[in-house]
Amino acid sequence: MKNGFSVVFLAAGISSRFWPFYEKFALPMFGKPLILHEIDQIQRLQPKGIVVVANDSNVSMLRSILGKQYKLVDLVVQKGEGQGAALVAAAEKIYGPTLIVNSSDVYSFELLDQLVAKWQKQRGMLITARKVTNYYLGGYLKLHENVDVELIIEKPDHADVPSDLVRVVA
């Protein structure tokens, strides 16, 4: 039985800090590219749909990696920069609530299971975050009235950190 959400894998990044390798998602792990391990694990959650967002430079590589075995995974090409542009590219393939994950991160699938279970009870927006005491090169949560997430600010300058909460990738 399929659950009532979609999953979007963000794979349109440049991987500039990963030299001399080309794409992090293509890194071989135990005989297959990292992204295939992630898709296999996500499929355990039985989402309605899975979308991988590529860029013009890596779409051919992703098409080859996904091959015929992953034909139920939709592959779209992002135009423009940033996660917002990625979601615009995926919009027509998204069915209902959406779990957004980076294609090159390693996830705690136990945490993903817990997030899906919590979402199924509450049907609201969920963001995982943790408190930090030192600067972290990642996405900081800007809160409205100390409760609601107003904005996620990616890699702010040290002086412009909006809170002590950083987004956690599941």
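Quick test of your reading of the structure: Glu92 fulfils all but one of (1) open to solvent by less than 60 Å² (accessible area, probe 1.4 Å); (2) of a type in the set (Asp, Glu); (3) modelled with pLDDT of 80 or more. Name the failing condition by number.
(1)
Quick check on Ala86: is it part of a helix (DSSP H, G or I) and surrounded by fewer than 17 Cβ atoms within 10 Å (Cβ to Cβ)?
In short, no.
Residues in the stretch 20-56 that are within 20 Å of Gln83 (Cα to Cα), open to solvent by 50 Å² or more (accessible area, probe 1.4 Å) and in contact (Cβ under 8 Å) with a residue 40 or more places away in the chain: how many?
Of the residues in the stretch 20-56, 1 are within 20 Å of Gln83 (Cα to Cα), open to solvent by 50 Å² or more (accessible area, probe 1.4 Å) and in contact (Cβ under 8 Å) with a residue 40 or more places away in the chain.
Within the stretch 144-170, work out how many residues are at pLDDT 85 or above and either acidic (Asp, Glu) or loosely packed, with under 15 Cβ neighbours inside 10 Å (or both).
Qualifying residue count, the stretch 144-170: 7.
Looking at (1) within 21 Å of Trp119 (Cα to Cα); (2) among the β-branched types (Val, Ile, Thr); (3) part of a helix (DSSP H, G or I), can you tell me which one Ile35 breaks?
Checking Ile35 against (1) within 21 Å of Trp119 (Cα to Cα); (2) among the β-branched types (Val, Ile, Thr); (3) part of a helix (DSSP H, G or I), the one that fails is (1).
In the set Val101, Val59, which member is open to solvent by less than 30 Å² (accessible area, probe 1.4 Å), more than 16 Å from the chain's Cα centre (by Cα) and not basic (Lys, Arg)?
None of the others qualify; the one that does is Val59.
Can you name every residue in the stretch 67-91 that is more than 17 Å from the chain's Cα centre (by Cα) and either under 19 Å from Leu27 (Cβ atoms) or touching a residue at least 12 places away in the same chain (Cβ under 8 Å) (or both)?
Those that are more than 17 Å from the chain's Cα centre (by Cα) and either under 19 Å from Leu27 (Cβ atoms) or touching a residue at least 12 places away in the same chain (Cβ under 8 Å) (or both): Gly67, Gln69, Tyr70, Leu72.
Looking at Val73, Val59, which one is β-branched (Val, Ile, Thr), over 17 Å from Ser6 (Cα atoms) and modelled with pLDDT of 90 or more?
From the options Val73, Val59, the qualifying one is Val59.
Would you be able to say whether some residue in the stretch 108-121 is modelled with pLDDT under 85, within 16 Å of Ser6 (Cα to Cα) and charged (D, E, K, R)?
Yes, the stretch 108-121 contains at least one residue that is modelled with pLDDT under 85, within 16 Å of Ser6 (Cα to Cα) and charged (D, E, K, R).
State all residues of the stretch 81-102 that are more than 18 Å from Ile152 (Cβ to Cβ) and out of contact with any Gly (no Cβ under 8 Å at 6 or more places or on another chain); if no residue qualifies, say none.
Quick first cut of the stretch 81-102, residues more than 18 Å from Ile152 (Cβ to Cβ) only: 89, 91-96.
Across the stretch 81-102, the qualifying residues are Ala89, Ala91, Glu92.
Quick one: would you say Val101 is in contact with a Phe, Trp or Tyr (Cβ under 9 Å, 6 or more places away or on another chain), under 20 Å from Tyr22 (Cα atoms) and not in a helix (DSSP H, G or I)? Can you show your working first?
Numbers: in contact with a Phe, Trp or Tyr (Cβ under 9 Å, 6 or more places away or on another chain): yes; under 20 Å from Tyr22 (Cα atoms): yes; not in a helix (DSSP H, G or I): yes.
So Val101 passes the test.
Being in a loop (DSSP other than H, G, I, E, B) and open to solvent by 50 Å² or more (accessible area, probe 1.4 Å) is the filter here, so list the residues in the stretch 104-128 that pass it.
Scanning the stretch 104-128 gives Val106, Ser108, Arg123, Met125, Leu126, Ile127.
The values are calculated or read from the model by the stated rules, or taken from the named source; none is laboratory data. Note that this is a predicted model, so its numbers are computed, not measured. Positions of Cβ are backbone-derived with ideal geometry, glycine not excepted, and every protein chain shown enters the neighbour counts. Ligands, DNA and RNA are stripped out before the accessible areas are found, and what is left, the full protein with its side chains, is counted by its heavy atoms. Shrake-Rupley method; radii C 1.70, N 1.55, O 1.52, S 1.80 Å.
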